[in-house]
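First up is the structure itself, then whatever we jot down about it.
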Amino acid sequence: MNNQSYVYEEEQGDEGLTFKKVGHFFRKGWLRMLVYVIVCALLVTAIALPIKVYYKSEPLAQTSVEYIYDGIERGLAPDGSVLNTDNIISTTVLYQAVKEANLEKKITDISKLRERMRVEGVLTDEYVKLTEAAANGDNAAKEKLRNYNMFSTRFNIVISDPGKLDLSDDQAKLLLNKIVVSYYADFQKRFSLNRMFATDAYGLSDNDLMEFADIYDIYTQSLDSVKSFLQGMAEENSSFVSTENSTTFTQLLSDLDLLRNNYSLFNAYILSNNIWRNKTSARNALVSTRTEILNRLEPLNGEDGYIASLKAQIATIQPTTTSTDAGGVHTEKTEYPPIYAELHAKLDEANRAVREYNIQLKNIETRLDKLQDETQTDEELIKSATDNLKALETQTGEFIKRVNATIADYYDTTFIASSVRQVTPPVVTRRSIHFSLLLVYGVAVIVGLIAAGIVTIVKITRASAAAKKQEDAISDNGEKAESRS
């Protein structure tokens, strides 16, 4: 360092900071600043540069996968549960991947492979933009970050130091590819809809305690729910063709109509031939069911019943009208509050229930009329009805299987299969310590300048004080000399 002494002359009459003082400061300190900056730069070169160039924190093999479906932006799996990305490196997935990669001889313990693996979430673009905006002083971004929950949609699959598993670079990359393929299969198996409707629910024909008419009611009601589901699927996915059985949801609806027609023929057959397994118990059951239905209808249909109450509530709700004038055009908008639509939905549901109960009552009355004849049904007719019902059960079971296969195929091909994709090929590299050398050198220059400036100011201040003291001493000696003379 340049520590030579300077003799500074104090400049009188200049109060505060002046250009003259600034120039005097740089004139006295420029050499020191240059030396200090060079020293700091040399220190950075000696310490930071080797770390940046030579030191690598972790050898690794890595690939990336991305999830693409509604809900992943909230951290959810396709079924609405919380997505568990640890399943990517589950022992089941890794075992299958090692097997497919023919690495069983090198990786004999799957747990050791799993210990060297991890799944890292990648920051979303939205989060990165928010943090950058907040760092630049955007108050809105800062406020949003306070309550912001980031859920990654992209994840890195990492094998740390594959060399310690005795894996070459090519073997590590092959294993990562097989892990992704194995996880695809696991993901599809985990979230596919393999069974929407039960296929084992159609086997009541051998139950001698159940009447054919009751079984008919149970089966047709179950098919109502199937029809409702298929109608929704046909409306939303009219172009979908299943590769499993070369059918569409619209075609399945047509097949269902034919099946229901067969059930109607069966119902007409048992009624026209007055086929009952036990007329006495059948009559008692129908009377009991009629009483139960009437008890349910009364609170719905009465003067002070549920439907009347809903209508009264709806009548009290008045709409609000808002007026706007824009561009010389006057517009009025009339709106009802949300409760209005909710009440109407409840009223519609109640009316549907009443209609269904009335249909059931008519069917009960028809059956009770048939049961006035107390003559027991011939066994041959009962056997014939049983055989017909068994045939219907077989048709229904096969139809439900086709429905389930079509639904599963739809979710697999149009949803699950495209929900996860590999977005970067496997690479083997070494992860460095991430920092900017330019930034470090810039900080070093600033530190050098500040340190040199502080030293220069101290020396100037000391020199000025010494000069002041010397000047005062000379002045005192002069005054003493004058007094002696």
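Has segment 450-460 got any residue that is modelled with pLDDT of 80 or more, open to solvent by 70 Å² or more (accessible area, probe 1.4 Å), in a helix (DSSP H, G or I) and out of contact with any Ser or Thr (no Cβ under 7 Å at 6 or more places or on another chain)?
Yes, that holds for at least one residue.
Where the second residue is open to solvent by less than 20 Å² (accessible area, probe 1.4 Å) and in a helix (DSSP H, G or I) and the first is within 12 Å of ALA97 (Cα to Cα) and lies in segment 162-180, which pairs have Cβ atoms under 6 Å and are six or more apart or on separate chains?
Pairs that qualify, where the first residue is within 12 Å of ALA97 (Cα to Cα) and the partner is open to solvent by less than 20 Å² (accessible area, probe 1.4 Å) and in a helix (DSSP H, G or I), are ALA172/PRO162; LYS178/ALA97; ILE179/ALA97.
Please work out which one of (1) free of Cβ contacts under 8 Å to residues at least 60 places away in the same chain; (2) farther than 28 Å from ARG116 by Cβ is the condition GLU244 fails and give its number.
The single condition GLU244 does not satisfy is (1).
State all residues of segment 273-313 that are among the charged types (D, E, K, R), open to solvent by 50 Å² or more (accessible area, probe 1.4 Å) and under 22 Å from ASN207 (Cβ atoms); if no residue qualifies, say none. So that I can check it myself, show each step before the final result.
In the first step, residues of segment 273-313 are kept if they are among the charged types (D, E, K, R); the result is 277, 279, 283, 290, 292, 296, 298, 303-304, 311.
Subsequent filtering for residues that are open to solvent by 50 Å² or more (accessible area, probe 1.4 Å) retains 283, 290, 292, 296, 298, 303-304, 311.
Across segment 273-313, the qualifying residues are ARG283, GLU292.
Could you name every one of the helices (runs of 4 or more DSSP H) located completely within segment 227-332 that has at least 1 residues being closer than 30 Å to GLN376 by Cα? Can you show your working first?
On the way: elements: 249-272, 279-301, 306-316.
Helices (runs of 4 or more DSSP H) meeting the threshold: 249-272, 279-301.
In this structure, does ILE293 turn out to be within 50 Å of the chain's Cα centre (by Cα) and not charged (D, E, K, R)? Reasoning before the result, please.
Working: within 50 Å of the chain's Cα centre (by Cα): yes; not charged (D, E, K, R): yes.
When the stated conditions are applied, ILE293 passes them.
Tally the residues that are surrounded by 15 or more Cβ atoms within 10 Å (Cβ to Cβ) and closer than 18 Å to THR366 by Cβ, restricting the search to segment 258-272.
6
Condition check: in contact (Cβ under 8 Å) with a residue 60 or more places away in the chain and either within 20 Å of the chain's Cα centre (by Cα) or crowded, with 16+ Cβ neighbours inside 10 Å (or both). Does LEU113 satisfy that? Don't jump to the end; show me each part of the working.
Details: in contact (Cβ under 8 Å) with a residue 60 or more places away in the chain: no; either within 20 Å of the chain's Cα centre (by Cα) or crowded, with 16+ Cβ neighbours inside 10 Å (or both): yes.
So LEU113 fails the test.
Which residues, counting only those in segment 181-193, are among the charged types (D, E, K, R) and either without any contact (Cβ under 8 Å) to a residue 24 or more places away in the chain or open to solvent by 50 Å² or more (accessible area, probe 1.4 Å) (or both)?
The answer is LYS189, ARG190.
Can you report the number of residues in segment 198-235 which are open to solvent by 20 Å² or more (accessible area, probe 1.4 Å), closer than 12 Å to VAL403 by Cα and β-branched (Val, Ile, Thr)?
The number of residues fulfilling the criteria is 1.
If you go through segment 320-343 one residue at a time, do you hit one that is within 30 Å of TYR219 (Cβ to Cβ) and within 44 Å of the chain's Cα centre (by Cα)?
From segment 320-343, those within 30 Å of TYR219 (Cβ to Cβ) are none; that's our starting set.
Scanning segment 320-343 turns up no residue that is within 30 Å of TYR219 (Cβ to Cβ) and within 44 Å of the chain's Cα centre (by Cα).
Taking PHE151, is it open to solvent by less than 80 Å² (accessible area, probe 1.4 Å), more than 30 Å from ALA282 (Cβ to Cβ), under 20 Å from the mean Cα position of the chain (by Cα) and not β-branched (Val, Ile, Thr)?
No, not satisfied.
The values are calculated or read from the model by the stated rules, or taken from the named source; none is laboratory data. Note that the structure is predicted; figures quoted are calculated from it, not measured. Don't worry about glycine lacking a Cβ; one is built from the backbone with ideal geometry, like all the others, and counts go over all protein chains shown. To get the accessible areas, we keep the full protein, side chains included, count just its heavy atoms, and leave off ligands, DNA and RNA. Shrake-Rupley method; radii C 1.70, N 1.55, O 1.52, S 1.80 Å.
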